[in-house]
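Visitor: Before we start, here is the structure in question, set down as structure tokens.
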Amino acid sequence: MERLQKVIADAGVTSRRKAEKLIEEGRVKVNGSVVKEMGTKVTPNKDTVEVDHVPIDREEPVYYLLYKPKQVISAVSDDKNRSVVTDFFEEETRRIFPVGRLDYDTSGLLLMTNDGEFANLLMHPKNKVFKTYVAKVRGRPSKESLHRLQTGIELEGRKTAPAKVKIKSSNKKTNSSIVEISIHEGRNQQVRKMFEEIDHPVIKLKREKYGPLTLENLRPGEKRKLKPIEVKQLKEFAVT
């Protein structure tokens, strides 16, 4: 038997954390009865589990790498009818969702899956999976400013974890620089806020790496399935 929230996440309905919220809200039924107890265990493929009156089916796990364009929401739906990342997967019948998120105006590498356990493994703060961004910023950050980024900056009452930072190029005519920064946290708009704190606001932002994965050979809006070895590497990357 397995915990109810894990079964829901493994079926690709949502993440395990959100599944727990669905249970608390009384939106989950087991064999026709509403269940709100968080410790409930069920037998997959034997007990009937429903979320919002829709039976879930355990699906084969699937893993994608998407080059998310700008002005696309990292969600499965949007109440303002804006483009969402699942729009690029119309042929995919399984209920996939993004692993974490990229801001509306940030482009780059985004993982998509129906494997809630895999998503939770990558997103858990203790596992420290580094994501690398390339930012075009105003001005040229000084050594002191870069050091602040590297050692941690106070954001909303909490210091950021150490980051890896280097300037790739600068342009005096446009008064801008290209800076590469790697972080393992996932706070809301964290990279943009970090650069704002050192007075070098972001003009353009792109995520180029997620752990060992890159955007190689992909253009905005394109995607590919992850190879089994890549899924294995990501899992190993998250626990080392």
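The values are calculated or read from the model by the stated rules, or taken from the named source; none is laboratory data. All values derive from a computational prediction rather than experimental measurement. Here Cβ is always computed from backbone atoms with ideal geometry, including for glycine, and neighbour counts include all displayed protein chains. Heads up: the accessible areas ignore ligands, DNA and RNA and are worked out on the full protein's heavy atoms, side chains in. Shrake-Rupley method; radii C 1.70, N 1.55, O 1.52, S 1.80 Å.
Visitor: Would you mind getting the accessible area per residue of the range 130-234, heavy atoms of the protein chains only, 1.4 Å probe, in Å²?
Guide: Solvent-accessible surface per residue comes out at 58 Å².
Visitor: Over the Cα atoms of the range 1-152, Rg to Rh with Kirkwood Rh, two decimal places? It would help to have the intermediate numbers written out before the result.
Guide: Numbers: Rg = 18.8 Å, Rh = 17.5 Å.
Over the Cα atoms of the range 1-152, Rg/Rh equals 1.07.
Visitor: Test of understanding: express the Cα radius of gyration of the range 153-233 as a ratio to 2.2 N^0.38 Å, with N the residue count.
Guide: Numbers: Rg = 15.4 Å, N = 81, 2.2 N^0.38 = 11.7 Å.
Normalised by 2.2 N^0.38 Å, the Cα Rg of the range 153-233 equals 1.32.
Visitor: Find, among the trypsin sites (Lys or Arg not before Pro) in the range 1-87, those assigned to loop by DSSP (not H, G, I, E, B) with at most 10 other beta-carbon atoms within 10 angstrom.
Guide: Lys46, Lys80
Visitor: Here's a follow-up. Around Pro220, under 9 Å between beta carbons, what's the net of Lys plus Arg minus Asp minus Glu among the other residues?
Guide: Net charge in that neighbourhood comes out at +2.
Visitor: Then there is this: How far, in degrees from 0 to 90, does helix 228-239 lean away from the longest principal axis of the Cα atoms of the chain, to the nearest 10?
Guide: 70
Visitor: Where in the range 131-166 are there GluC sites (Glu not before Pro) that are in a DSSP coil and have at most 11 other Cβ atoms within 10 angstrom of their Cβ?
Guide: Answer by residue number: Glu156.
Visitor: So who's got an amide H within less than 5 Å of the one on Phe130, skipping anything under 5 residues away but keeping other chains? H placed 1.01 Å off N, in plane.
Guide: Gly211
Visitor: Let me see the P(r) profile for the range 69-118: every Cα-Cα distance counted, bins of 5 Å, each bin given as a percent of all pairs.
Guide: Result returned by the calculation: 5, 21, 33, 25, 14, 3.
Visitor: Of all GluC sites (Glu not before Pro) in the range 35-101, which ones are in loop regions per DSSP and have a Cβ with at most 13 other Cβ atoms within 10 Å?
Guide: On the way: sites: Glu37, Glu50, Glu59, Glu90, Glu91, Glu92; in loops: Glu37, Glu59, Glu90, Glu91, Glu92.
Counting only loop positions with at most 13 other Cβ atoms within 10 Å, the GluC sites (Glu not before Pro) in the range 35-101 are Glu37, Glu90, Glu91.
Visitor: What is the dipole size for the chain, taken about its Cα centre, with +1 at each Lys and Arg Cβ and -1 at each Asp and Glu Cβ, in debye to the nearest 20?
Guide: 1200
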